[in-house]
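Worksheet for the structure shown next.
The values are calculated or read from the model by the stated rules, or taken from the named source; none is laboratory data. Computed from a prediction, not measured in an experiment: that's the story for all the values here. Reconstructed Cβ throughout: ideal geometry from the backbone, glycine too, with neighbour counts over all protein chains shown.
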Amino acid sequence: MSLTAFYALAAFALVFAIFAVTTANMVRAAFSLAITFFLIAGLYLLLGSPALAAIQFMVNASAIPIMTLFIIMMTQSRSSAGPRTWQIAAGLLAAAAALVFFKGAVGHGDGQITPVSPETLGVNLLQAALLLFEVASVLLLLAMVGAIVLARRRAG
Amino acid sequence: MRPIPIPEDRHFRPRLIGYDPQKSRPWLERTVYAAYVFVFWLIVIATYAGVPALFGALGWDGGWGFVLMRVLQVVLLFLLSAVIALLLILVLRKYLGKVQERFGPMHYGPAGGIQTVFDALKLLAKEDFVPAAADALTFRLAPAVTFVASFAMFAVIPFASGWVLADTNVGLIYLIAVSTLSAYGVLLGGVSSGNKWALIGALRAGAQMVSYEIPLALVFLTVAVWSGTLRLGGIVDAQLGLWNFLPLALPFVLYVIASLAELKHIPFDFPEAESELIAGYNVEYSGMSFAFFFLAEFVELFLLPALIVVFFFGGWHGPLFGIEPGSLAAGALESLYFTLKTAVWVWIFLWIRATLPRYRDDQLMEFAWKAMIPLALFGLVLAAYMRLIWR
Amino acid sequence: MSLLQEVWQAVKAIGTGMATVHKRVYEEAPTEFYPYVKPELPPVSVQSLALVENEDGSERCIVCLQCERACPAQVITIERHRNPEGKGFLIDRFDIDLVNCMYCAACVEACPVSSIVTIQDFEMSTYDLQTLKADIDFLHEQARRARQWYSPKFGVELRTDDGRIEKAPPEMQPGGLAEILKPAEEVDS
């Protein structure tokens with residue numbers, strides 16, 4: 001049953017991801033991107049990590065409305081031109097490179113799922129991976145401050 | 001000369017069902033509300049005790065049988081949300097009528113009790129119109145997104161001990177996610193309508209709900225820190241001795257304010273401000289699409305007070321009169337306590353709605369960012385400190 | 001400190017408002033249940049016009065054309081011919097256009113025999129405006145349906161259950177007539 005669920009989720013995730021990059025209507029693209037992320041959250045759930053799934057769900061649920069707001073406020077028309085040939089080629093190349101790079105991850109594991117509790121996830125995040133966590137936080141803070149500075153200079 | 005006929009009955013008069021104009025009969029009204037609540041209670045019992053018992057007796061509680069059971073439970077919960085919407089719309093109209101020295105609906109059913117059923121039938125019969133300027137696909141999708149985002153909260157609401165669809169240990173995170181998502185449906189609906197008022201309403205909804213999501217999430221975190229768990233059942237169990245609204249008074253007040261904003265309720269009803277934006281994001285909607293926006297709004301009007309009860313007022317806790325905990329009778333009694341506590345909070349929300357005028361939009365955002373979020377952070381730190389000392 | 005005071009004032013104001021609202025819930029609404037409960041109107045209220053017949057069914061109207069002359073909106077149309085058998089006139093036609101009538105009751109004031117009167121039937125909404133172009137049959141029928149009517153000359157008159165026409169008792173008459181006609185000793189005591 002979980003195998004059926006996996007294939008269903010993966011298939012729908014692929015369909016919506018392809019729709020997200022091919023559709024010209026940006027509001028629809030954002031919507032199908034959101035659905036893709038939620039389906040990926042479902043995949044995390046199948047992999048035995050409800051905490052990661054919930055966090056994926058939460059982050060995207062918060063981010064997608066704001067992204068849609070940006071699409072509405074910042075773009076002149078709500079549809080974009082279709083991709084050019086070299087863009088498609090570059091995209092395919094990048095996908096192939098990613099596949100090669102993450103080859104180890106694709107074929108990884110022995111098919112056994114070990115559930116991860118939120119406590120384990122939190123402890124790992126704040127002890128084993130504390131440095132990376134903090135670096136990411138500082139990076140986000142920098143991005144925020146930079147955005148404010150840019151916006152003020154533009155306005156003033 | 002042609003004699004002019006005198007019409008026998010020159011007036012159009014509505015058909016009357018059980019109606020006595022001389023009396024307002026408050027007891028009849030209360031009986032109607034009690035009947036709705038009773039139906040609600042029966043559906044809750046059927047969902048959380050009846051269906052699992054049935055599937056257990058049939059031996060279908062593994063594999064696809066389990067999936068079927070969950071699907072049946074979700075269908076029953078949809079029925080439950082319909083009952084909630086029918087009751088709450090009726091209560092809202094009657095209550096606002098009383099406050100404004102009117103009677104509210106009086107004509108259909110005892111004391112107007114089935115007026116909302118007729119309203120729903122009317123909406124079902126109406127044309128579901130898509131304006132020419134609208135983006136048809138997104139326009140059709142938006143009410144569904146809004147409703148599903150509200151309805152999905154049912155998954156983690158514990159009606160009694162063990163009476164919950166998914167008693168997951170990440171329930172709070174899930175709640176934060178789902179409650180943000182309901183802003184998204186509103187945003188999509190307003191943007192895809194191709195209407196200025198709808199667009200402004202949607203932008204207001206997006207700004208307001210995303211802003212008030214932060215204090216709401218911080219209050220959730222405060223409750224999690226205080227109770228030491230992200231599981232809603234665990235949070236209720238942690239309040240066995242003392243209900244949370246006493247130690248967490250500040251987060252409790254912030255939660256009430258933030259959930260008013262999350263509900264798009266007066267005094268924070270900017271997305272659908274009737275006097276400025278006609279009806280805001282749902283201007284262009286008609287028929288069942290409009291009904292789904294409405295359903296979502298009133299399901300949320302039940303769910304956010306229900307979360308107040310879960311977080312601050314001991315959930316299902318109440319005197320059990322010696323009934324063995326865990327039995328069907330105990331579950332039924334607990335879910336009744338939960339329902340009644342929630343009903344009181346829904347009433348308080350309606351009371352606030354009847355009293356306060358609308359805020360101003362910039363004041364609203366200022367209040368969120370300059371008052372609510374700092375206070376919520378302060379409450380979080382305070383709760384963490386108190387927990388360190390007391391427990 | 002002033003911030004705290006402001007917060008306290010806001011909380012107090014909201015509390016006062018909510019208490020007021022809650023008190024209001026238990027007050028009886030002043031709603032009138034109009035189609036089901038008919039309101040009691042003052043006797044001189046001008047709602048519609050009617051043409052009263054005498055008790056024996058003969059015409060009270062003497063066709064003097066005073067009302068036609070008095071009507072500022074000129075909605076009354078009367079045609080008459082001389083009575084071949086006795087004195088006076090007979091009615092050929094007596095129409096009142098109740099659509100354009102402005103219910104000033106100048107015709108009622110002008111009528112020397114109190115034939116044209118004001119009645120209290122205000123339920124004249126209709127799907128067909130032609131039904132409001134009242135002819136003499138309509139006006140008689142209106143008077144027959146009415147339980148009471150008013151003219152300045154005769155005051156309020158009542159139709160009893162057996163169809164007779166009676167002058168209403170003084171307490172039903174308008175303009176404090178009851179007080180004027182009260183015996184002097186009652187006024188003194």
Would you mind stating whether B:Leu246 is surrounded by fewer than 21 Cβ atoms within 10 Å (Cβ to Cβ), without any contact (Cβ under 8 Å) to a residue 24 or more places away in the chain and either assigned to a loop (DSSP other than H, G, I, E, B) or not assigned by TED's automatic domain parsing to the domain that holds B:Tyr359 (or both)?
-> yes
Are any residues in the range A:83-108 modelled with pLDDT under 80 and either surrounded by 10 or more Cβ atoms within 10 Å (Cβ to Cβ) or hydroxyl-bearing (Ser, Thr, Tyr) (or both), and if so, which ones?
-> A:Pro83, A:Phe102, A:Lys103
Since C:Glu55 meets every condition but one in (1) of a type in the set (Asp, Glu); (2) within 14 Å of chain B (Cβ to nearest Cβ); (3) in contact with a strand residue (DSSP E or B) (Cβ under 8 Å, 6 or more places away or on another chain); (4) in a loop (DSSP other than H, G, I, E, B), which condition does it not meet?
-> (2)
Please name all residue pairs, on different chains or six or more residues apart, with Cβ atoms under 9 Å, provided the first residue is in the range B:214-240 and is under 11 Å from B:Tyr255 (Cα atoms) and the second residue is outside any helix (DSSP H, G or I).
-> B:Val219/B:Leu248; B:Phe220/B:Leu230; B:Thr222/B:Leu248; B:Val223/B:Asn244; B:Val223/B:Leu248
Out of all the residues in the range B:210-221, is one or more modelled with pLDDT under 85, of a type outside the set (Gly, Ala, Ser), within 22 Å of B:Ile278 (Cβ to Cβ) and assigned to a helix (DSSP H, G or I)?
-> no
Inspect all residues belonging to the range B:346-365 and state whether any of them is in contact with a Leu (Cβ under 9 Å, 6 or more places away or on another chain), crowded, with 18+ Cβ neighbours inside 10 Å and β-branched (Val, Ile, Thr).
-> yes
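Is it true that some residue in the range B:163-172 is in contact (Cβ under 8 Å) with a residue 24 or more places away in the chain, part of a helix (DSSP H, G or I) and closer than 28 Å to A:Phe31 by Cα?
yes
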Return a yes/no flag: does the range C:15-31 have any residue that is small (Gly, Ala, Ser), under 25 Å from B:Phe103 (Cα atoms) and at pLDDT below 85.
-> yes
Could you list, in sequence order, the residues of the range C:76-96 that are of a type in the set (D, E, K, R) and within 12 Å of another protein chain (Cβ to nearest Cβ)?
-> C:Glu79, C:Asp92, C:Arg93, C:Asp95
Selection within the range A:52-67 - within 17 Å of A:Pro115 (Cα to Cα) and at the interface with chain B (Cβ under 8 Å from one of its Cβ atoms) = A:Ala53, A:Ala54, A:Ile55
Can you tell me how many residues in the range B:83-129 are part of a helix (DSSP H, G or I) and among the basic types (Lys, Arg)?
-> 4
Extreme residue, nearest to B:Gly233 (Cα to Cα), among residues of the range B:272-325 that are over 21 Å from the mean Cα position of the chain (by Cα) and of a type in the set (D, E, K, R) | B:Glu324
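Considering every residue within the range B:64-85, establish whether at least one is touching an Asp or Glu at 6+ places or on another chain (Cβ under 9 Å), closer than 28 Å to C:Thr20 by Cα and away from every other protein chain (no Cβ under 14 Å).
The answer is yes, given that some residue of the range B:64-85 is touching an Asp or Glu at 6+ places or on another chain (Cβ under 9 Å), closer than 28 Å to C:Thr20 by Cα and away from every other protein chain (no Cβ under 14 Å).
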Residue check for B:Val225: closer than 14 Å to B:Phe312 by Cα and either buried (at least 23 other Cβ atoms within 10 Å of the Cβ) or out of contact with any Asp or Glu (no Cβ under 7 Å at 6 or more places or on another chain) (or both) = yes
Can you tell me which residue among B:Val219, B:Val178, B:Val210 is within 21 Å of the chain's Cα centre (by Cα) and surrounded by fewer than 21 Cβ atoms within 10 Å (Cβ to Cβ)?
-> B:Val210
If we scan the range C:24-31, do we find a residue that is of a type in the set (A, V, I, L, M, F, W, C), in a helix (DSSP H, G or I) and surrounded by 11 or more Cβ atoms within 10 Å (Cβ to Cβ)?
-> yes
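Just to be sure I understand, how many residues within the range C:39-53 are within 10 Å of the chain's Cα centre (by Cα) and either farther than 18 Å from C:Ala106 by Cβ or surrounded by fewer than 22 Cβ atoms within 10 Å (Cβ to Cβ) (or both)?
7
Considering every residue within the range C:18-28, establish whether at least one is within 14 Å of chain B (Cβ to nearest Cβ), of a type in the set (S, T, N, Q) and out of contact with any Asp or Glu (no Cβ under 6 Å at 6 or more places or on another chain).
yes
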Check B:Phe338, B:Phe349 and return the single one that is of a type in the set (A, V, I, L, M, F, W, C) and in contact with a strand residue (DSSP E or B) (Cβ under 7 Å, 6 or more places away or on another chain).
-> B:Phe338
Among (1) away from chain C (no Cβ under 13 Å); (2) within 30 Å of B:Trp347 (Cβ to Cβ); (3) buried (at least 19 other Cβ atoms within 10 Å of the Cβ), which single condition is B:Lys94 missing?
-> (1)
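Listed here are the residues, each with its yes/no results for (1) in contact with a His (Cβ under 9 Å, 6 or more places away or on another chain); (2) of a type in the set (Phe, Trp, Tyr); (3) surrounded by 20 or more Cβ atoms within 10 Å (Cβ to Cβ).
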| position | (1), (2), (3) |
| --- | --- |
| B:Gly241 | no, no, no |
| B:Leu254 | no, no, yes |
| B:Lys264 | no, no, yes |
| B:Ala279 | no, no, no |
| B:Glu284 | no, no, yes |
| B:Ala296 | no, no, yes |
| B:Phe313 | no, yes, yes |
| B:Pro319 | no, no, no |
| B:Gly322 | no, no, no |
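Conditions (1) within 15 Å of C:Leu51 (Cβ to Cβ); (2) at pLDDT 85 or above; (3) assigned to a loop (DSSP other than H, G, I, E, B), marked per residue:
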site	(1), (2), (3)
C:Cys101	yes, yes, yes
C:Val108	yes, yes, no
C:Pro112	yes, yes, yes
C:Asp121	yes, no, yes
C:Tyr127	no, no, yes
C:Thr131	no, no, no
C:Asp161	no, no, yes
